[in-house]
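Student: Handing you this structure, nothing more for now.
Taken together, the values in this text are just the output of simple stated rules run on the coordinates, not laboratory data. Please read these numbers as outputs of a predicted model, since none were measured by experiment. FYI the Cβ positions are ideal-geometry reconstructions off the backbone, even for glycines, and counts take in every protein chain you see.
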Amino acid sequence: MNPSRPTHSEILQLKRWNTPTIYNGWEQITKHDASAVGFNLEETRDFMPQMGPMVGYAITVMVEPSKAEHPERNPNAWSEYREYVASVPGPKIVVVQDIDRPRTIGAFWGEVNSNIHRALGCVGTIIDGAIRDLDEMTNAGFKALARRMCVGHAFSCPIRWNCEVEVFGRKVQPGQLIHADKHGFLAVPPEDESRLLEAARFMDTNECETLIPAARDVAGKSSAEVLAAINAAGRKFGENARAKFGRKGEW
């Protein structure tokens, strides 16, 4: 593994926070416009919110279930694609661009494909299309963020992989670090990976030591006193973020 990438232990620690918390840390360290870059711009749905967040490196693939010519054109597509998946270090999240969208003709994911990908080190998927066999996917321990569910699979073989894809308004590159949960997903720019955990941990602690206690410690206080405490906590929150990152934080 690239030494600058998160270790297995750090991946497990990133899973302890929801995706908005990871975003709060990321926006402090990135040189990108955090209001427009990184996270999905269109609504997606987490079909297994009880599994909590998933973290992994993007396996990218395109499908077009409406076109019968794809499996006919390359009858070895599935085996070739699976060899690619198996060759990439994990944990992995399969990011699927469904070219048929906004129509939903068939599902790339179901019981069989989820179990196979789980065996190949994949923890879940983000697909700008449909899934099926929801209970069976859940039993396989394979998390899915998708547009909807459907009944059939149609001609859902992979047609292109290891390429840039666009899902829910966000472009994702092969190997990009992904953090996803019921809120959506964050595709982390490679240069921001190494500091992500530290930044998320710091900003979460910063909130818990300033703004949150000020907002909750209101017993016996007047509105003026509560507002004064919140304003003071906000200033402290900003000072802490500025001292750490050179930025004032989100508040």
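Student: Using the 10 angstrom Cβ neighbour count as an exposure proxy, how do Ile99, Ile178 rank, fewest first?
Tutor: On the way: Ile99 18, Ile178 25.
Least crowded to most crowded, the residues run Ile99, Ile178.
Student: In the stretch 188-229, whose amide N lies under 19 Å from the spot 7 Å out along Cα-to-Cβ of Gln173? List them in ranges.
Tutor: Output list for this probe position: 188-197.
Student: Still on this structure: Given the convex hull over the Cα atoms of the chain, what projected area results after averaging over all orientations, in nm²?
Tutor: Details: hull surface 60.3 nm².
Seen from a random direction, the Cα hull of the chain projects 15.1 nm² on average.
Student: Which cross-chain or sequence-distant (5 or more) residues have an amide H under 5 Å from the amide H of Val165, H modelled 1.01 Å from N in plane?
Tutor: When sequence neighbours closer than 5 places are left aside, the close amide H contacts are Val172.
Student: Restricting to the chain, what percent of DSSP beta bridges are antiparallel, rounded to 5? Each step should come with its number before you reach the end.
Tutor: Numbers: 18 of 38 bridges.
Here the share of antiparallel DSSP bridges comes out near 45 percent.
Student: Using Cα pairs closer than 8 Å and at least 6 residues apart in sequence, work out the relative contact order for the chain, in percent. List each step's numbers first, then the result.
Tutor: On the way: 487 pairs, mean separation 69.5, N = 251.
Reported relative contact order: 28 percent.
Student: Ordered by residue, what ³J(HN,Hα) values in Hz, to whole numbers, does the stretch 197-208 give under the Karplus form 6.51 cos²θ - 1.76 cosθ + 1.60, where θ = phi - 60° and Gly and Pro are x?
Tutor: With coefficients 6.51, -1.76 and 1.60, one gets 4, 4, 5, 5, 4, 5, 5, 5, 5, 4, 4, 5 Hz.
Student: List the lysines whose Cα sits under 27 Å from the Cα of Lys221, skipping any in the same chain fewer than 8 residues away.
Tutor: Those lysines meeting the cut-off are Lys236.
Student: Using Cα positions and a limit of under 26 Å, work out the lysines in reach of Lys143, with same-chain residues fewer than 8 apart set aside.
Tutor: In chain and number order, the partners are Lys15, Lys92, Lys171, Lys182.
Student: Same structure, new question: Springs between alpha-carbon atoms under 10 Å, Gaussian network over the chain: tell me which of Pro158, Pro213, Pro65 tops the mean-square fluctuations.
Tutor: Comparing Pro158, Pro213, Pro65 in a Gaussian network model of the chain, the most mobile one is Pro213.
Student: Students often forget the sequence filter, so: which aspartates and glutamates lie under 18 Å Cα-Cα from Lys31 once same-chain residues fewer than 8 apart are removed?
Tutor: Within the straight-line cut-off, Lys31 pairs with Glu191, Asp192, Glu193, Glu198, Glu250.
Student: Given the rule -39500 (n - 2.57) for each run of at least 4 DSSP H residues, summed and divided by the residues of the chain, what is its mean residue ellipticity at 222 nm, to the nearest 500 deg cm²/dmol? Don't skip to the answer; put the middle values down first.
Tutor: Details: 9 runs with 95 residues, N = 251.
Dividing the helical sum by the residues of the chain leaves -11500 deg cm²/dmol.
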